[in-house]
Structures are given as C-alpha cells and as structure tokens.
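> Have a look at the structure that comes next, please.
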C-alpha cells in the first residue's frame with residue numbers, strides 16, 4: 001500500500017487539523033500606495049495619461065478595494081500623476097466607502113445615466129488623451145467608453161497590470177506560502193481517508209471541510225478529484241467513478257488567504273503501483289524537475305515549458321501537445337487570481353524576474369489508462385527559483401513520510 005494513503009477516516013483527520021492563519025497580516029495601506037506608484041511609473045514610460053481599473057482583482061490589487069465586477073460599471077481612473085478617482089453608481093457610494101482602503105474622490109452616476117459617458121467626462125477633465133483599459137473589462141463596456149470618447153487613444157491595460165502584479169512583494173509571497181502550506185496539509189489528510197468505494201463527492205466534501213479546519217473561511221477555492229481512467233482527463237469528467245484498488249488518484253485543490261491562492265496537485269496509487277504506473281509517474285516527476293531547473297532569471301517563460309516538453313519527448317511522449325504526453329502548458333502565474341500571467345508556455349517571451357510565481361505541472365496524459373499531474377509552485381529569487389512546497393517524494397511515498 002502506498003505510504004500515507006488510507007487507514008484513517010474523515011472524523012479523525014478533521015480533529016487533527018488546526019488553524020494555520022492566526023498570524024496572517026493583510027496587505028497594508030503603504031503597500032497599496034507603492035503599487036500605485038509603480039503603476040504610474042510604468043504608465044509614464046508607455047506614454048499613457050491614465051488607466052481605467054475595473055472592479056475585480058485589479059481594483060483590489062491597486063487600491064485594496066474589494067468589489068466584484070457586475071453589469072454596472074464600478075472601477076477607478078488612475079492618472080500617470082497618481083490621481084485616483086473611483087467610478088461608482090450613486091446608490092453604492094456608502095457601500096464603496098466601507099470597502100475603500102486607498103481613499104480617493106468618488107465620481108458617481110445615476111441609474112438612467114451613462115457610466116461610460118462619465119468616464120469620458122472625467123478623462124476630459126483630467127486631460128487624458130491615452131487611456132489604458134483594464135484587460136478584464138467586458139468588450140461591450142470598452143466599446144461604450146470608446147464611443148463616448150471618440151478622440152481618445154486606448155491601450156491594453158494588461159501591459160501595466162501584469163507587469164506590476166507578476167512581481168510579488170515579500171508580503172505577497174508570505175501569504176502565498178501560507179495558503180500552499182495549508183493545502184498541502186489538506187492533501188496529506190485527504191490521502192489518509194481514502195478507502196475502496198469512496199466517491200469523489202465524499203472526498204471533495206472532506207477537502208472543503210479540511211480547508212476550513214486549517215483556516216480558510218470559505219473552504220476550498222476549487223477542487224478536482226479523479227480516480228483511475230478519469231485521471232487522464234485533466235479537468236475531470238461528467239460522471240466520476242468511485243475509488244477501486246489499483247486506481248491512480250489525482251487530486252487538485254486550493255484555498256485562499258487574504259485573496260492569495262494555493263493550487264496543488266498530487267497523484268498516487270491507491271494500493272500497489274504497477275510498473276506502468278511507476279514509469280509514467282517518474283517521467284512526470286523528472287519533467288517537473290527539468291522545468292524547475294530551466295527557470296532562471298532573464299530567461300523567457302517559454303524556456304521552462306520547452307525544457308519539460310523536450311524531456312518528455314526524449315522519453316517517447318508527444319511530440320508537442322499530442323498524447324500520450326503533455327496536452328497543456330507547463331505552468332501559470334498565480335496570485336490574487338489562480339491563473340494569471342505570465343504563463344510558462346511556448347510563445348510567452350516574458351523574461352523571468354524576481355518575485356514572479358508559477359505553477360509547475362507538466363501533466364502526463366495516457367489516454368484510456370490514467371494521468372499523472374504533480375503540481376507545485378515556485379517563485380523567482382535573486383538566486384533563481386525556489387519551491388513553495390517540495391515536490392512529491394516518490395510514487396510509493398508521495399508525501400515523504402518514510
């Protein structure tokens with residue numbers, strides 16, 4: 001039997017988990033002000049006069065104001081000189097003030113008025129000629145702003161938001177580390193409750209409870225549980241099977257701490273691995289290691305993907321995205337969003353820089369048999385990549401207990 005898998009139950013494991021976020025400190029006002037300053041410096045380099053920041057993770061990142069995007073335009077205009085002005089429906093002003101961390105003027109619109117015309121009017125007041133547009137803004141909203149300001153030049157705001165957000169501060173990395181530590185403990189507890197006949201729904205429910213037990217108020221941010229042949233479908237199947245002896249187990253889950261996400265996948269066998277299991281699992285582990293070694297400062301993101309894919313091709317998998325092999329990118333950025341740029345994929349030529357954080361998950365899919373995904377995350381330091389969580393130890397001892 002695989003070490004650390006089976007032999008316990010949900011009640012026992014939940015009782016052994018403890019809160020891991022008692023010492024967590026939220027991002028402070030000073031750091032939000034530093035983010036705004038970084039954005040304005042980059043905007044000036046690009047020749048932008050201002051940037052529209054939409055409700056969602058970009059607004060939260062730059063201002064600390066947590067507000068979910070909806071059909072009503074809510075956001076903020078940030079000029080290259082650092083002037084911040086919120087755009088909000090009039091009836092939401094009081095609520096916004098309660099969430100506002102970086103204080104600034106509020107410009108409002110009534111329900112019968114056009115918020116897009118308001119944006120255009122504020123831009124005219126501020127002498128904005130070139131406006132960066134938040135990449136998450138729905139097209140119909142951008143189209144309306146464009147029509148309200150026909151003489152204005154527009155640019156993709158992602159150039160600024162991704163530049164700033166991809167370079168995490170020490171505080172952000174600390175929050176990410178805590179979230180990942182929490183999820184790894186949940187993975188260990190989950191492996192111990194597995195038994196023949198357990199359903200994916202039972203496991204998913206336990207993982208949600210376990211995340212709450214370690215301190216995530218909302219439980220799991222997401223959860224994928226797959227057994228046997230189902231594990232060859234990276235994001236699951238419509239009707240997942242119950243667990244049987246000899247099944248490959250694939251569990252991919254995460255939580256959030258102060259909005260910062262974890263996302264860890266473990267794959268192992270319930271019972272005794274076959275030689276086929278062992279060879280595929282080991283190839284996956286080595287591909288993950290090849291990607292990690294390739295992640296060096298100044299190299300492009302695509303180099304990491306190429307390293308993993310080249311190793312797998314040398315082992316007879318692929319080529320490229322063909323299966324048996326690796327059907328998707330090697331990794332994604334992570335932070336306030338579980339998937340954010342830049343990405344570890346061929347074609348992304350963003351140079352690796354200090355503070356960038358990525359998943360490393362060059363999944364191996366063997367159609368008709370099983371899949372193996374080992375997913376850990378790393379961040380870039382002055383001396384190269386550093387793991388948030390140590391990779392899975394071996395197929396017989398996935399959590400390094402022996």
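Every number in this text was worked out from the coordinates using simple rules, so none of it is lab data. Values in this document were obtained by computation on a predicted structure and should not be read as measured data. Ideal geometry is used to build each Cβ from the backbone, glycine not excepted, and the neighbour counts take in all protein chains shown.
> To the nearest 0.05, what FRET efficiency results for residue 112 and residue 339 with a Förster distance of 30 Å applied to their C-beta separation?
0.20
> Any idea what the relative contact order of segment 147-242 is, in percent, if you count C-alpha pairs under 8 Å spaced at least 6 apart?
21 percent
> Considering the Cα trace of segment 47-165, what is its radius of gyration and what is Dmax, both in angstroms?
12.9, 37
> Another question about this same structure. In a GNM of the chain with a 10 Å cut-off on Cα contacts, which of 331, 94, 228 has the highest mean-square fluctuation?
94
> Restricting the count to DSSP beta bridges whose residues both fall in segment 47-165, what percent are antiparallel, rounded to a multiple of 5?
Approximately 45 percent, going by the DSSP bridge assignments.
> So how much slack lies between residue 95 and residue 296, counting 0.36 nm per residue of separation and subtracting their Cα-Cα distance, in nm?
In short, 67.9 nm is gained.
> Separate question: What angle, in degrees between 0 and 90 and rounded to the nearest 10, separates the Cα long axis of helix 170-193 from the longest principal axis of the Cα atoms of the chain?
30 degrees
> Can you say what percent of the DSSP beta bridges in the chain, counting only those with both residues inside, are antiparallel? Round to 5.
Within the chain, antiparallel bridges account for around 75 percent of the total.
> Let me ask something else about it. Considering only C-alpha atoms, what is the centroid distance from segment 198-233 to segment 135-174, in Å?
Centre-to-centre (Cα) distance: 33 Å.
> Let me ask another. Please work out whether segment 237-360 counts as rounded, prolate or oblate from its C-alpha gyration tensor, where a ≥ b ≥ c are the square roots of the eigenvalues and a/c under 1.5 means rounded, while otherwise a/b larger than b/c means prolate and anything else oblate?
oblate
> What percent does the relative contact order of the chain come to when contacts are Cα pairs within less than 8 Å and at least six residues apart?
16 percent
> Taking Rh as the Kirkwood radius, which is the inverse of the mean 1/r over Cα pairs, what is the Rg/Rh value for segment 118-266?
Across segment 118-266, the Cα-based Rg/Rh ratio is 1.19.
> When the helices in the chain are scored as -39500 (n - 2.57) per DSSP H run of 4 or longer and the sum is shared across all residues, what 222 nm value do you end up with, to the nearest 500 deg cm²/dmol?
Rounded to the nearest 500, the figure is -11000 deg cm²/dmol.
> If you take percent of Cα pairs over 40 Å apart from the coordinates, which of (1) 16; (2) 24; (3) 41 do you get?
Label of the calculated value: (2).
> Moving on. Cα centroids of segment 243-278 and segment 73-97: how far apart, whole angstrom?
A separation of 43 Å, based on Cα centres.
> Oh, and also: Using all Cα-Cα distances in segment 89-157, what percent lands in each 10 angstrom bin from 0 up to the longest?
18, 45, 34, 2
> Sticking with the crude label model, points 7 Å out along Cα→Cβ, report the distance from residue 235 to residue 30 in nm, one decimal please.
4.1 nm
> Using a cut-off of under 20 Å, list every residue of segment 212-233 whose amide N is near the label point 7 Å from the Cα of residue 22 along the Cα-to-beta-carbon line.
Of the residues in segment 212-233, 212-219 have backbone N under 20 Å from the label point off residue 22.
> Label residue 156 and residue 124 with points 7 Å out from Cα along Cα→Cβ: what is the distance between them in nm?
That separation, rounded to one decimal, is 3.0 nm.
> Between 71, 11, 302, where does the largest GNM mean-square fluctuation fall for the chain, given springs only between Cα atoms within less than 10 Å?
It is 71.
> Quick one: among 332, 171, 377, which has the greatest mean-square fluctuation in a GNM of the chain with alpha-carbon springs under 10 angstrom?
Judging by the Gaussian network model, the answer is 171.
> For a label point 7 Å from the Cα of residue 167 along Cα→C-beta, name the residues of segment 368-385 whose backbone N is under 18 Å from it.
Of the residues in segment 368-385, 379-385 have backbone N under 18 Å from the label point off residue 167.
> Still on this model: In whole percent, what relative contact order does segment 47-165 give with Cα contacts below 8 Å and a gap of six or more residues?
26 percent
> Stretched out fully, how many nm does the piece from residue 105 to residue 196 gain, at 0.36 nm a residue minus the Cα gap?
26.8 nm
> Note down, for segment 179-296, the three equivalent ellipsoid semi-axes (square root of 5 times each alpha carbon gyration tensor eigenvalue), biggest first, whole angstrom.
Listed largest to smallest, the semi-axes of segment 179-296 are 23, 21, 12 Å.
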